[in-house]
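Quick note: the coordinates plus some simple rules give every number you see, no bench work behind them. Since we're looking at a predicted model, the values are computed, not measured. Every residue, glycine as well, gets a Cβ built from its backbone with ideal geometry; the counts of neighbours run over all protein chains shown.
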Amino acid sequence: MNSIPTILSEKIDDDLYILSTNNIILVYAPLRQRIFPIKEKKGYEKLIAYFLHNQPDPELEIFLKENGLTTQPRKVKTRREKDYEAINLTLSLTSNCNLRCKYCYAYAGDTHKSIPWETIQQAIEISIEANRRIGKKTFKLLFHGGGEPTIEWKKLQKATELVKHLWGGLTRFSVVTNGTLITDEKAKWLKENNFRITVSLDGPKDVHDLQRVKANGEGSFDDCLRGMMFLKKHHINFGIRATITQNNLHRIKELLLIAKAFHCGLKVEPLTLTGRATEEMVGISYQEFFLAFNDAKDFADQLDIRFTSTYSHTIKTKTEFCSGNGEMFCILPDGQVSSCTRVTRSQDELSDRFIIGKIDSDGDLLLDYEKIAFLRDLSIQNFEQCQDCFAKWYCTGGCHHTRLSNNGNMSEEHCLLIKAMLFNILITKLEF
């Protein structure tokens, strides 16, 4: 079986790397977004002599200048505010769920806790005040978490209307849903309120029904598809998110055909063995995911479907993987504040790290600033293993939860996969 190719990397200057594998050699400057191929051994030798041995080369200097490699690389700004601000509001409306997905990280449906309306109102007011204080132009609210948000449909609507009433300016609403409870009326309302929607679908039917079962043990594919049909009817631009397991590893192309039928994109992520998955699922290897993704990528390109993953996405430069680094303001059903959507209960792994405060009975936000300070250091600028990596601005260090679960480092397999995925994207940009 083919394996993930090892990308050899030589750092020859600040923001300048020579990358090679399988007789393909590139020069890559990530901060300056410059890529060019080295087609002859002589070109490689000239670069090494110039940068590492300080040998003058007027011809090479002209080439570097023409390709924008003599200017100073730009500095990458962090996305964090100077002090903690409760601006990235996520409402984990309930721990209840109509499904019992076999890999659910949150054990959704095992309990039926929901955020009291008073807490939702307090959280919205706190977040709006924080957004205004720092001059944000758009207020963002995400419904996501340890249960199915649309179970609490009335609260979802009421929270949305309250935000529009109190904010009065630009808003961005999003929801991550299993899609099974979406009706024609609900889809119409979501469209009217400009929601961004992510639907969890692991289909085709036999796979989806195996992994994403209802509380009564029946499959949920037909209900999910019906909800997606209502979204399509009302011209809602939604995306599909699939968890890749041993059951659908070789059937991603079928998922792409579904995405094509609904004129939407597909994002795939390999199964993480956490929550129910530790009891009911078998993991997949990074190598298996690499081969399956790249096989499906060619098909996605033929279909003209946006096909992405944490491991394969648009090239960009940032320092933090997500707002899990002490930036998220995620309200849990019991009023606690989490900085990670994977941590939705006090008994979850790393809850002692990611649960950073609570909204008390008086509506005051109480925060643990020592925990926040720890999380805010989760940046590639502070990860020793990332310092000389050519892919660090693309990878941004990987999932904070996964890193902390692995004693502060990402696995070698993760790094191998992310480098190979990025290298493939660079080759595509050069049209090899």
Quiz prompt | region 246-394, relative contact order in percent, only Cα pairs under 8 angstrom and at least six apart counted | solution = 19
Quiz item: What order, most packed first, do the peptides 78-84, 188-194, 307-313 have when packing is the mean number of other Cβ atoms within 10 Å of each residue?
Solution: 307-313, 188-194, 78-84
Self-check item: Residue-count net charge about Cys101 - beta-carbon cut-off 9 Å; Lys, Arg +1, Asp, Glu -1
Solution: +3
Quiz item: Between the helical axis of 221-233 and the dominant principal axis of the chain, each derived from Cα atoms, what acute angle in degrees is found, rounded to the nearest 10?
Solution: 80
Practice problem: Under 4.7 Å Cβ to Cβ, no partner at all: give me those cysteines from the chain, in residue order. | Solution: Cys97, Cys224, Cys264, Cys322, Cys330, Cys340, Cys386, Cys389, Cys395, Cys399, Cys415
Practice problem: Net charge near Tyr311: determine it from the other residues with C-beta under 12 Å of the C-beta of Tyr311, scoring Lys and Arg +1 and Asp and Glu -1. | Solution: +1
Quiz item: When only Cα pairs under 8 Å and 6 or more residues apart are kept, what is the percent relative contact order across the chain?
Solution: 17
Practice problem: Nearest 5 is fine: what % of DSSP beta bridges in region 60-199 come out antiparallel, could you say? | Solution: 5
Quiz prompt | Helix-only mean residue ellipticity at 222 nm for the chain, each DSSP H run of n ≥ 4 adding -39500 (n - 2.57), per residue, nearest 500 | solution = -10500 deg cm²/dmol
Exercise. Please tell me which of these pairs span more than 20 angstrom C-alpha to C-alpha: Lys82/Lys136; Lys140/Lys267; Lys191/Lys232; Lys253/Lys297; Lys136/Lys316; Lys75/Lys429?
Key: Lys140/Lys267; Lys136/Lys316; Lys75/Lys429
Quiz item: Considering only DSSP beta bridges with both partners in the chain, what is the antiparallel share in %, to the nearest 5?
Solution: 45
Quiz item: Relative contact order for region 67-181: what is it in percent, counting Cα pairs under 8 Å that are at least 6 residues apart?
Solution: 31
Self-check item: Charge tally in the Cβ shell below 9 Å around Gly239, where Lys, Arg are +1 and Asp, Glu are -1, Gly239 excluded
Solution: +4
Quiz item: Nearest 10 degrees, 0 to 90: what angle lies between the long axis of helix 286-303 and the longest principal axis of the chain (Cα atoms)?
Solution: 90
Exercise. Starting from the amide H of Arg100, placed 1.01 Å from N in the peptide plane, find each other amide H under 5 Å away whose residue is 5 or more places distant or on another chain.
Key: Val213, Lys214, Ala215
Quiz item: What is the helix-to-structure angle for 412-430, meaning the angle in degrees between its Cα long axis and the longest Cα principal axis of the chain, kept from 0 to 90 and rounded to the nearest 10?
Solution: 70
Practice problem: Run a plain Debye calculation on the chain (Cα atoms as equal point scatterers, no solvent) and give log10 I(q)/I(0) at q = 0.06, 0.08, 0.12 Å⁻¹, rounded to two decimals, same order as the q list. | Solution: -0.28, -0.50, -1.08
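Starting with the highest mean, order 52-61, 219-228 by the number of other Cβ atoms within 10 Å, averaged over the residues of each peptide. Mind dumping the intermediate values first?
Working: 52-61: 10.3, 219-228: 20.8.
Final packing ranking: 219-228, 52-61.
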Quiz item: Sorted by average packing, counted as other Cβ atoms within 10 angstrom per residue and highest first, what order do 292-298, 396-402, 339-345 take?
Solution: 339-345, 396-402, 292-298
Exercise. Quick one: compute a quarter of the convex hull surface over the Cα atoms of region 130-253 and quote it in nm².
Key: 9.0
